[in-house]
Amino acid sequence: MTKDIRPVGAALYFLPVQTRVPLKFGPETLTYVTCARVALTVEDGQGRRAVGWGETPLSVQWAWPSALSYETRHEAMKEFCRMLNRAWADCDKSGHAMEIGHAFIEAELPRLLEQLNSGLNEAEQMPWLAALICCSAFDIALHDAYGVMHGAPVYETYTAEYMNADLSAYLTPAEDLDVDFSGTYPADFLLKQPEYRMPAWHLVGGKDLLEHSELTGDEPEDGYPVVLPEWIKRDGLKCLKVKLRGDDAAWDYDRLVKVGEIAWNLDVYWLTSDFNCTVTDPEYVNGILDRLMREYPRIHGMLLYVEQPFPYDLSENRIPVHSVSARKPLFMDESAHDWEYVKLGRQLGWTGVALKTCKTQTGALLSLCWAKAHGMTLMVQDLTNPMLAQIPHVLLAAHAGTIMGVETNAMQFYPEASSAEEKVHPGLYKRCDGAVDLSTISGPGFGYRLEEIGRVLPEPGVSVGNSSHEGP
């Protein structure tokens, strides 16, 4: 009996979220975000139906750096979500979730993006990364629906028992290694024993306060920490990700030293630095790393890896980065759109991949498999995922086998946004002893336990096809 499904309806919801403190992304600052939540209805060959759910923050500043106003980009991403909602409801593909998701991303998504961008000059056009973010809520819902249809957790469905094609149908190996994807499936590259308790990385944003002397009196008085040492002590943090500017070496170096000294004094083990795509010369990063090794060898030793210093469009910016990765593991983030970009990145000297569910579950899994087959290290990075978006995010990390835990920071920037979900999954929305706890996730699909969460949703922004369902 075939296990194929096909989409037959979709409903889209927009959930606004306000930050409690600003989050700096390179030259821009995030103060609020809209989360796109999707309910995708699917049908199997016997006429049975199931509904899957997916959610992604439409992180405008991260996905679409531009001189265009925030609202112009924000509204364009929402409009593209509406276009996608209609396209997914009308999707005529059937098969496993990987098959349908891959076919949509390869054919429909570029066509729809071209349609959106038609008639706009290059400076006004939405980039591919922003399109992927919009699509990811639908793709995540597709994978959830497949699991729900078959009464199985999502990560149990990436095997020959469920999939119609092996990985050779999706991936091509690098020419310099003897890698063969024939007869292999995503499950072959996932942990046999997933990590259901993982170290949590805390984000130190460019505007985050490091010490009490920096207080201005304008900080929120909501019971949550406002300076870094308070966060470390409250959550027992052991891993800190430091956002840097990438265009001010003195500031970046000073920031790393200040955070490193706080970390060392409070028994934090690991640091990583995120330059947010603003560096154009590897010597910028090398200079900071070399100086850190000379002047603060302890802090240099705590630096586990370096994340995405260089412009994210690798095809347009083919910068050899071997000199950086010779010093520290160098991870692609914004550049890792899909496995073909990972392949190009490896040629240029990148050694690791930061996976994100916001680039689609389908794409994240294919990048994971390609990277692991070629000896690259993995990390799973956050898009400040609240509410439902947090669950597929941490599950990917639990099954991937990362260099160290998972980044998770929604509890820093909008903790109250996830209050309904936190009642059911307390270990996912608060960090305890420096870790997140996934043990409450259970059931088919992504194991959201929606019927227990009880979140009241607004009216759908758009509902198409046979998408009748009850909201969680």
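The values are calculated or read from the model by the stated rules, or taken from the named source; none is laboratory data. Computed from a predicted structure; not experimentally measured. Cβ: placed from backbone, ideal geometry, glycine included. Neighbour counts: every protein chain shown.
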Show the residue pairs meeting these rules: Cβ distance below 9 Å; 6+ apart or different chains; first residue within the range 207-225 and free of Cβ contacts under 8 Å to residues at least 12 places away in the same chain; second residue among the hydrophobic types (A, V, I, L, M, F, W, C) and assigned to a helix (DSSP H, G or I).
P225/W231; P225/I232
Condition first: surrounded by 24 or more Cβ atoms within 10 Å (Cβ to Cβ), hydroxyl-bearing (S, T, Y) and over 16 Å from L190 (Cβ atoms). Can you find one or more residues in the range 319-334 that meet it?
no
All positions within the range 175-186 that are touching a residue at least 60 places away in the same chain (Cβ under 8 Å) and either under 25 Å from the mean Cα position of the chain (by Cα) or surrounded by 15 or more Cβ atoms within 10 Å (Cβ to Cβ) (or both):
V179, F181, T184, P186
Return only the number of the condition from (1) of a type in the set (A, V, I, L, M, F, W, C); (2) more than 21 Å from the chain's Cα centre (by Cα); (3) farther than 16 Å from L457 by Cβ that V21 does not satisfy.
(2)
Taking the range 80-103 and keeping residues within 18 Å of T157 (Cβ to Cβ) and surrounded by 24 or more Cβ atoms within 10 Å (Cβ to Cβ) leaves A97, M98, I100, G101
For the range 111-155, which residues satisfy the criterion of being under 28 Å from D44 (Cβ atoms) and surrounded by fewer than 21 Cβ atoms within 10 Å (Cβ to Cβ)?
R111, L112, H150, G151, A152, P153
Could you grab me the full set of residues in the range 55-77 that are part of a helix (DSSP H, G or I), under 22 Å from the mean Cα position of the chain (by Cα) and without any contact (Cβ under 8 Å) to a residue 60 or more places away in the chain?
Q61, Y70, R73, H74, E75, A76, M77
Could you tell me how many of the residues in the range 419-452 are in contact (Cβ under 8 Å) with a residue 60 or more places away in the chain and of a type in the set (D, E)?
2
Can you find a residue in the range 187-206 that is in contact with a Leu (Cβ under 9 Å, 6 or more places away or on another chain), farther than 30 Å from D235 by Cα and buried (at least 20 other Cβ atoms within 10 Å of the Cβ)?
yes
Condition met for L120 (outside any helix (DSSP H, G or I) and without any contact (Cβ under 8 Å) to a residue 40 or more places away in the chain)
yes
Scan the helices (runs of 4 or more DSSP H) fully inside the range 221-337 and keep the ones with 2 or more residues being of a type in the set (S, T, N, Q) and in the same structural domain as A410 (by TED's automatic domain parsing).
322-325
Let me confirm something: among N265, N276, which residue is crowded, with 22+ Cβ neighbours inside 10 Å, in contact with a Pro (Cβ under 9 Å, 6 or more places away or on another chain) and of a type outside the set (F, W, Y)?
N276
Return yes or no: is S323 of a type in the set (S, T, Y) and under 17 Å from M379 (Cβ atoms)?
no
Confirm whether T360 is hydroxyl-bearing (S, T, Y), touching a helix residue (DSSP H, G or I) at 6+ places or on another chain (Cβ under 9 Å) and touching a residue at least 40 places away in the same chain (Cβ under 8 Å).
yes
Which residue is nearest to V436 (Cα to Cα), if the candidates are limited to the range 178-206 and must be outside any loop (DSSP other than H, G, I, E, B) and among the small types (G, A, S)?
A200
Within the set of pairs 6+ apart or on separate chains, which have a first residue in the range 78-101 that is within 23 Å of V33 (Cβ to Cβ), a second that is of a type in the set (F, W, Y) and surrounded by 22 or more Cβ atoms within 10 Å (Cβ to Cβ), and C-beta atoms under 7 Å apart?
L84/F138; W88/F138
Search result, residues across the range 279-299 that are of a type in the set (K, R) and either under 30 Å from W64 (Cα atoms) or surrounded by 14 or more Cβ atoms within 10 Å (Cβ to Cβ) (or both)
R291
Return a yes/no flag: does the range 21-42 have any residue that is touching a helix residue (DSSP H, G or I) at 6+ places or on another chain (Cβ under 7 Å), of a type in the set (K, R), touching a residue at least 24 places away in the same chain (Cβ under 8 Å) and surrounded by fewer than 23 Cβ atoms within 10 Å (Cβ to Cβ).
no
Which one of R37, R82 is outside any strand (DSSP E or B), of a type in the set (K, R) and in contact with a Leu (Cβ under 8 Å, 6 or more places away or on another chain)?
R82
Does any residue of the range 399-420 turn out to be under 19 Å from R234 (Cβ atoms) and among the β-branched types (V, I, T)?
yes
